[in-house]
Amino acid sequence: MSHPDIRGRKNHIRKSRADRIFDAVIYTAAGLMLLLALYPMYFILIASVSDPNLVARGDVLLFPRGLSLDGYSYLLSMENLWKGYGNTIAYTFAGTAAMLAVNIPAAYALSRRDLAGRGFFTFFFLFPMFFGGGLIPTFIILNNTFHLVDTFWVMVLPFSVISYYIVVARTFFQTSLPAELWDAAQIDGCGNLRFFFQVVLPLSKAIIAVIALWAAVGHWNSYFNAMIYLRTPERFPLQLVMRNILINNEMASTAMTGSAAAELNRKANLIKYCAIVVSSLPIMTMYPFVQKYFNKGVMIGALKG
Amino acid sequence: MRRTGSTLSGPSFLARAGRNWGLYLLMLPGIVIFICFTYLPMYGVIIAFKDFRPAAGIWGSSWAGLKYFERYFNSYMFASTITNTLVISLYTIAVTFPLPIILALMCNQMYARRFKKFFQVSTYLPHFISTVVMCGMIIMFLSPSSGLIPKLCSLIGIQTGDLMGNAGAFSGIYVWTEVWQHVGWDSIMYIAALSAVDPQLYEAAEVDGASKWQKILAIDIPMLVPTMIILFILRCGSILGVGFEKVYLLQNDLNIAKSEITSTYLYKMGLKSNQYSYSAAIGLFNNAVNFIILILVNQIARKISDTSLF
């Protein structure tokens, strides 16, 4: 107390040293985590263009070796993979369009304070987040009641209402559309539908982008619904084809033994690396450019309406 | 939040509804789809109490009482599927709940903006790998003959053996690959909460001579508590709802003793061996337990912290 300036300076020096150590720890840890996060993906990439024998021996760790594109050229001849690719693109476009068409308007209606029965409809749309009929009853309804199993539409329509998307979009509308806008439009004799399409939608490009990206990634990456509800291999999406290649080991043979089998397994691994790259490339390359939308969406969701 | 407390004040319910008929039209597609494909199956869950025959349909099948629940509770699979589910689930929560918080606190301390940005984008990236590809990567990386991880381990003298064939290793593999894939993404909410902290708080703390560590303890962590509670309640609501997709793909004959969880067992019973009612009973039991836990945790959180989901 008697020498405040000296105490202050002492404190300052000690603090900055502790903080410097602190910073060093943070940045070292961050560096290690970066390595952990990125290396497995980098390894897949270099293994997909290397000699499979060298990869199997563990000689390919930092750079590709025995450079060859054999795996990719073999991939070109795999018709089921490209068929799956085409199917996934179709499901992704149709499914994303359906999700936008269903969730955004519902979320807007729920965001309006003057919606009579708002509490009931909110409950109706959010309750399935916490409880559901389960796999088997859903399957029976889709199969026996609606006869949708093994059709194109089963991948697009039945699961297009997503409570979480509605919550996020509703919060967006509540926080970013001023209520005066609707009051003014009403005075001008504008109805709800015209207001939604001509005023709300043009002002909501951000939330539309967020939901569209989430929906598209979800469709691109999912295999569960396809595995349950599709039977004809011609309709299989990419992820189901990938499952046959990666998990069910369609390419490798368990019947053979000895060096022929080992050779085949190495080739199967090469094809797996290449298939991973080809199937993940669209999302991985797009993601860094659109990531701000993803973050934005999560943050809107965090506001909780 | 509601402006008009009851329907008695102001114009009647029908008058208010009629004025906004367009809003109901906007909700209509969602309502129809939800009724057909979500609420109808909720009603269809009564087949858990019936002897379901496809020819007779949901309504026409005869009642069976609690037969299928009893069969599940008495089957030798009951204890093992519930135990496996709980082990994987609690292990997952114990690890994947705190780590994103730590990551967010770390991220908040990075002042090199470019590096911070690069760090965030890189740690989010694995989140976008599909479950199928992720499981394919796990199986390949752990393969005892050609996998990267056994190779790297043997370099430092550790013999891993066949990890995918080791039932005891299953939950660990599941949880830590889950961390690898989602820890970055799961930290976004916390990073968002931290970015909302008033800078004046930090300045005031600095004037008082607080170190970075003290600022984290006294400012950052208290700021994160409401977000933590909400996310924790949501996680608890799916204690018996361990993701089917990843576990199913990682299962094999050697690890099945520890990897058969309720949802994979239900799938095999229902859609592979067509025991619809039995499988629906398992599913209903599961969902009911999840729902009850969610409500309980939510009530407890509301009592002790004033933060809750509903």
key: Packing-based exposure ordering (other Cβ within 10 Å, fewest first) of A:F125, A:F131, A:F236, B:F49   = A:F131, B:F49, A:F236, A:F125
remark   = Shielding of B:301-310 by other chains, given as the mean Cβ count within 10 Å, works out to 1
query = Reachable lysines from B:K246, Cα under 25 Å, same-chain residues fewer than 8 places away excluded?
reply = A:K83, A:K272, B:K151, B:K258, B:K268, B:K272
ask   = Where does each of A:H147, B:H182, A:H219 land when they are ranked from fewest to most other beta-carbon atoms within 10 angstrom?
value = A:H147, B:H182, A:H219
request  = Using 0.36 nm per residue of separation minus the Cα-Cα distance, give me the extension gain between B:N74 and B:V95 in nm, one decimal.
outcome  = 4.3 nm
ask   = Expressed as a whole percent, how much of the Cα-Cα distance distribution for the protein assembly as shown exceeds 42 Å?
value = 31
Calculated FRET efficiency for the pair B:V32/B:V289, C-beta based, R₀ 30 Å, to 0.05 = 0.45
message = Which of A:D23, B:D306 has the fewest other C-beta atoms within 10 Å, and how do the rest follow up to the most?
response = B:D306, A:D23
remark   = Computed over chain B, the relative contact order (Cα-Cα under 8 Å, seq sep at least six) in percent reads 25
inquiry  = Take A:F93 and A:L181, extend 7 Å from each Cα along the Cα→Cβ direction, and tell me the distance between the two endpoints in nm.
reply    = 3.0
request  = Round to a whole angstrom and tell me the spacing of the C-alpha centers of segment B:217-251 and segment A:163-216.
outcome  = 30
message = Taking 60 Å as R0, compute the FRET efficiency from the Cβ-Cβ separation of B:S145 and B:V207 and round it to 0.05.
response = 0.45
query = Shielding of B:207-213 by partners, i.e. mean partner chain Cβ atoms within 10 Å per residue?
reply = 4
request  = Using R₀ = 56 Å, calculate the FRET efficiency as 1/(1 + (r/R₀)^6) where r is the Cβ-Cβ separation of A:D114 and B:D162; round to 0.05.
outcome  = 0.30
key: Distribution of pairwise C-alpha distances over chain B, 20 Å bins, in %   = 22, 47, 28, 3
message = Helix-only estimate, please: 222 nm mean residue ellipticity of chain A, summing -39500 (n - 2.57) across DSSP H runs of length 4 or more and dividing by its residues, to the nearest 500.
response = -23000 deg cm²/dmol
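Read-outs: derived from the displayed coordinates by stated rules, not from any lab. Source: prediction; values computed, not measured. With ideal geometry, Cβ positions are generated from the backbone for all residues, glycine too; neighbour counts draw on all protein chains shown.
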